[in-house]
């Protein structure tokens, strides 16, 4: 049976070995590809722009709803409806 403190000691030894293998290693350092930050920035801006890009569709839907109310021709209300 492995005692949790022994398991943590093994993980700690592995981290210390990795840190000692590279003299330029800084504890807690994160290495990411150079393209990761610009891509994330573009995706964040694109996500923030979604409501603005979808607004014309929302206006068209409201116009369609108003038109259907005025003509009483909404979905399932016409003379060709299946009962």
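Remarks
- Of all residue pairs spaced 6 or more apart or on separate chains, none has beta-carbon atoms under 7 Å together with a first member in the range 41-66 that is surrounded by 10 or more Cβ atoms within 10 Å (Cβ to Cβ) and a second member that is at pLDDT 90 or above.
- Flag for residue 31 being surrounded by 10 or more Cβ atoms within 10 Å (Cβ to Cβ) and modelled with pLDDT of 70 or more: no
The values are calculated or read from the model by the stated rules, or taken from the named source; none is laboratory data. None of the values given here were measured: they were computed from a predicted structure. Here the Cβ is made from the backbone with ideal geometry for all residues, glycine too, and neighbour counts use every protein chain on show.
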